[in-house]
Every structure is written in structure tokens, then in C-alpha cells.
Amino acid sequence: MAKDENLTEEERTEAIENALKGMTNFSNKYLANTGTKYCTDKSIPAVVIKGLAEHKVTLGAPLCPCRYYDDKEKEAKDGYWNCPCVPMRERHECHCMLFLTEDNGFAGDETNISLDEVKDLSNAGFS
């Protein structure tokens, strides 16, 4: 059962907006705490952050949006792939390319992304 199924469209939009703010702030702080960087193409972290925010609203947890799951609700409850996932926490390996170590060829110099950037870049090319 989706966590947002009883929300009106307006309530869902507000919940996504709040989750987007929260996941953007979390991502920026997590980068600072782990010494990781965003991808040189900031649309990558923007799309991942948007997916995490949507899962936070629909599943109640920031389940990694970059993987396929047979049962998303079960995976969200298990927690292994909730951001930051176990591979990221244990080995600094982020499948989504949200948090990149300096030795990753796609790592840029950016350690901050704004809410406006997340909104703009995650919707680029979509209407």
C-alpha cells in the first residue's frame, strides 16, 4: 500500500516539495560528512535526489531510485537500499552516482546543489 495513496494531488505535491527540500539538504550534508562530491553533470544528482524524495513520500523511506525491485515496499522496509545504502555507508560505493569519491572519473568539484538546481535539472527535457 503506497504511503501517499490517500493524499489529494495538492497534498502529494506539498509532500514531494518538502521531501525534495529534505533530500537536497541531506545530500549536501552527507557530501560534507563523507568528503564525497557530486558528478560533473549535476543533472545526475538532481534526478537521483528527486527519485529519493518521491520514494520518501510513496514508500516512507528514501529507497535508491536507481535499482530494480520486485517489491519496493519490502525493500524500503528492509532498509539495505535506503539512502545512504549499506554499500555507500560501508565502502563509499554509490550505485546512483550521487556521492562520488575523488578517484571516480565522474566526480566534479561540486559539494552543494540548490533546491532550484534539483528542480530545474531533474525536469530538464520533460514537459
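The values are calculated or read from the model by the stated rules, or taken from the named source; none is laboratory data. Bear in mind that the values here come from a model prediction, so they are computed numbers and not experimental data. For neighbour counting, all protein chains shown are included, and Cβ atoms are generated from backbone atoms with ideal geometry for every residue, glycine included. Areas reflect the complete protein model, heavy atoms only, side chains present, ligands, DNA and RNA absent. Shrake-Rupley method; radii C 1.70, N 1.55, O 1.52, S 1.80 Å.
Thr111 satisfies every condition listed in (1) within 26 Å of Lys3 (Cα to Cα); (2) touching a residue at least 12 places away in the same chain (Cβ under 8 Å) except (1).
Of all the listed residues (Tyr80, Tyr69), the sole one being assigned to a loop (DSSP other than H, G, I, E, B) and open to solvent by less than 80 Å² (accessible area, probe 1.4 Å) is Tyr69.
Pairing residues of the range 75-89 that are over 14 Å from Thr34 (Cα atoms) with residues that are assigned to a helix (DSSP H, G or I) and small (Gly, Ala, Ser), at Cβ distances under 9 Å and at least 6 apart in sequence or on separate chains, gives Asn82/Ala76. Of all residues in the range 6-50 being among the hydroxyl-bearing types (Ser, Thr, Tyr) and part of a helix (DSSP H, G or I), which is farthest from Cys85 (Cα to Cα)? The qualifying residue farthest from Cys85 (Cα to Cα) is Thr13. If the condition is being of a type in the set (A, V, I, L, M) and outside any loop (DSSP other than H, G, I, E, B), then the range 83-127 contributes Val86, Met88, Leu100, Ala107, Leu115, Val118, Leu121.
Please determine whether any residue of the range 52-60 is open to solvent by 40 Å² or more (accessible area, probe 1.4 Å) and of a type in the set (S, T, N, Q). Within the range 52-60 (the criterion being open to solvent by 40 Å² or more (accessible area, probe 1.4 Å) and of a type in the set (S, T, N, Q)), the answer is no, since none of the residues qualifies.
Rundown of residues vs (1) open to solvent by less than 70 Å² (accessible area, probe 1.4 Å); (2) modelled with pLDDT under 95; (3) over 21 Å from Lys119 (Cα atoms); (4) charged (D, E, K, R), yes/no style:
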site: Glu5; (1), (2), (3), (4): no, yes, yes, yes
site: Glu9; (1), (2), (3), (4): no, yes, no, yes
site: Ala15; (1), (2), (3), (4): yes, yes, no, no
site: Gly22; (1), (2), (3), (4): yes, no, no, no
site: Asp41; (1), (2), (3), (4): no, no, no, yes
site: Lys50; (1), (2), (3), (4): yes, no, no, yes
site: Cys64; (1), (2), (3), (4): yes, no, no, no
site: Met88; (1), (2), (3), (4): yes, no, yes, no
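Just to be sure, is Ser122 over 13 Å from the mean Cα position of the chain (by Cα) and touching a residue at least 24 places away in the same chain (Cβ under 8 Å)? No; evaluated as a whole, the condition is false for this residue. Filtered by the rule that a residue be under 14 Å from Ala32 (Cα atoms) and either of a type outside the set (A, V, I, L, M, F, W, C) or surrounded by fewer than 12 Cβ atoms within 10 Å (Cβ to Cβ) (or both), the range 90-107 gives His92, Thr101, Glu102.
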